[in-house]
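Heads up: the structure comes next, in structure tokens.
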Amino acid sequence: DNYIVVGIENADEYRESELSFNDEELKKPLGIKTGLYLDNLDDFINETLLPFVKSKFNVLTTNMVICGASCGGLASLYVGLKNIDKYEFIFSFTAALGILGKNGVEKFFSKYNFNNENLPYVFLFQGLADDLEKMLYNGNQYIKENMVKRGYLEEFIGEYVEKDAKHNEDAWRYAFNYFIDKLIFLKK
């Protein structure tokens, strides 16, 4: 299968605020006081980026995947679940959602009701080889539980924990390749 990967740069001074919540209770643990927030990222992806990609390349509007790691893993969950009919797959690698702990993860999912027949497959990847991965894992282990509790079909959620993976691009490159292989398998 052929696919196009479109990356969104996010390593500047606004990274944390752009990939955070417009919710005082949820953004407080992240230490974010101001910013553009995930809703603006969602608008950018859907109103600017996707139309641009579609105008330049012969791509389908189906079979779309949204993917991210760390704060981008949080963003891929947020944007993917907010636009649940648009994406066929959501890849979330070491989602920064875990920093909010069990109660924060529950609050994040409290607005969702997943009684939908067109659910995308969600793949969650987590490492355990450094302190940040372990800390995020402690919160992220509640993602699947909360999704299922709100009506997401368990068979549409895949999880993979790699005990030797650190919080870095090498681990996420491995996770991306792993899940692309899964995606190809699921599509056959």
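See the values below:
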| quantity | calculated |
| --- | --- |
| Checking Lys33 against (1) assigned to a helix (DSSP H, G or I); (2) of a type in the set (D, E, K, R); (3) at pLDDT below 90, the condition it does not meet | (1) |
| Close pairs from the stretch 51-74: first of a type in the set (Lys, Arg), partner open to solvent by 20 Å² or more (accessible area, probe 1.4 Å), Cβ under 9 Å, at least 6 apart | Lys54/Thr61 |
| Residue list for the stretch 151-167, filter: buried (at least 16 other Cβ atoms within 10 Å of the Cβ), of a type in the set (A, V, I, L, M, F, W, C) and in a loop (DSSP other than H, G, I, E, B) | Ala165 |
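The values are calculated or read from the model by the stated rules, or taken from the named source; none is laboratory data. Since we're looking at a predicted model, the values are computed, not measured. Quick reminder, even Gly has a Cβ in these numbers, built from the backbone with ideal geometry, and neighbours come from all protein chains shown. Calculation scope for accessible area: heavy atoms of the full protein, side chains included, ligands and nucleic acids excluded. Shrake-Rupley method; radii C 1.70, N 1.55, O 1.52, S 1.80 Å.
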